[in-house]
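Here is the structure we will look at.
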Amino acid sequence: MQIETQAIVCAVRSHAEHGAVVRLLTPDHGLQAAYVRGARGRRLRPVLLPGNAVEARLRSRIEEQLAHGEIELTHSRAPLLSEPLPAAAIEWVTALSAAALPEGHPYPRLYQALDGLLGAIESAPSALGWASSLARFELLLLAELGFGLDFDRIAPDTSLPAPRFLQAGGEASWREIIDGLRLTGHHLSRNVLTGRSAALGAARARLVDRLARAGGVI
């Protein structure tokens, strides 16, 4: 197997003395895992940060074997990781992608949505400019995994409102955004964040609580 592709770094786990297993979301090959030699060294450590855009060359003798990867940075989002809300959002969406998506299944719409969300986090002057995109990304991920929401039945099933922006797009108030995140969070917890990934739910709850406080939604 040989793949050369752009990708978004989603997760990095130390492996052996100096390397790491890196999970990357790609546009045409879905989530890919690869061992990257020297990942914990001075040159690659700032490259292999969740949210960074990279060019990846992945090689393995057979598809079932963990690939070896060579990674080059194309766009760094490291400065955002020093800002509490953007950092928490980036850590959440990349960790969610790494934990929820099966490896090797292409999700081009999710790749585009994640890239767009990260760009919005980077460029928006405040969290209000990207928080609605976060909710829409979660909604899309649910749909891509086969858990699309039937908006005609949401309210009776969950007692949670279904904000219009989730269906129609457009701008949203802080109240609508938090309602939307609570709705997608309910379905993520029920259908996606199970087993070993259940611990991610606590990190997400902290992020939504911080967004609610930022928007004055108690």
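Electrostatic bookkeeping for residue 18 treats Lys and Arg as +1 and Asp and Glu as -1; over the other residues with beta carbon under 13 Å from its beta carbon, the sum is +4.
Dividing the summed helix terms, -39500 (n - 2.57) for each DSSP H run of n ≥ 4, by the number of residues in the chain produces a 222 nm estimate of -13000 deg cm²/dmol to the nearest 500. Compute the separation of the alpha-carbon centres of the range 13-82 and the range 110-131 and state it in Å as a whole number. Between the Cα centre of the range 13-82 and that of the range 110-131, the gap is 22 Å. How would the range 2-77 be classified by its alpha-carbon gyration tensor: rounded, prolate or oblate, with rounded meaning a/c under 1.5 and the a/b versus b/c comparison settling the rest? It comes out oblate by the Cα gyration axes. In this label model, residue 209 and residue 103 are separated by 3.4 nm, measuring between points 7 Å along each Cα→Cβ vector.
The loop-placed chymotrypsin sites (Phe, Trp or Tyr not before Pro) in the range 66-152, going by DSSP, that have at most 16 neighbouring Cβ atoms within 10 Å of their Cβ come out as 147, 151.
Could you give the length gained by full extension between residue 14 and residue 196, i.e. 0.36 nm per residue of separation minus their alpha carbon distance, to one decimal place? Please list the in-between numbers first.
On the way: separation 182, 0.36 × 182 = 65.52 nm, distance 1.80 nm.
Difference between extended and current length: 63.7 nm.
All distinct Cα pairs of the chain go into the 1/r average, and the inverse of that average, the Kirkwood radius, is 17.9 Å.
Extension gain, residue 57 to residue 2, is 19.1 nm, computed as 0.36 nm per intervening residue step minus the present C-alpha separation. Projected label points at residue 115 and residue 70, each 7 Å from Cα along the beta carbon direction, are separated by 2.2 nanometres.
Excluding residue 206 itself, what net charge comes from residues whose Cβ is under 15 Å from its Cβ, given Lys and Arg +1 and Asp and Glu -1? Working shown, then result.
Details: positive: 182, 204, 210, 213; negative: 91, 209.
Overall, the nearby charge balance is +2.
With loop membership from DSSP and a limit of 12 other Cβ atoms within 10 Å, the longest segment of the chain without GluC sites (Glu not before Pro) is 65-170.
Decide, for the range 96-218, between rounded, prolate and oblate: order the square roots of the alpha carbon gyration tensor eigenvalues as a ≥ b ≥ c, take rounded if a/c falls under 1.5, and otherwise choose prolate if a/b is larger than b/c, else oblate. It would help to have the intermediate numbers written out before the result.
Values: a/c = 1.36, a/b = 1.15, b/c = 1.18.
Because its axes are fairly even, with a/c under 1.5, the range 96-218 counts as rounded.
Between residue 175 and residue 128, the simple spin-label model (points 7 angstrom out along Cα→Cβ) gives 1.4 nm.
Coordinate-derived values only; no laboratory data. It should be emphasised that the depicted structure is a prediction, and the values quoted were computed from it without experimental measurement. A quick note on method: Cβ atoms are made from the backbone with ideal geometry, for glycine too, and the neighbour counts reach across all protein chains shown.
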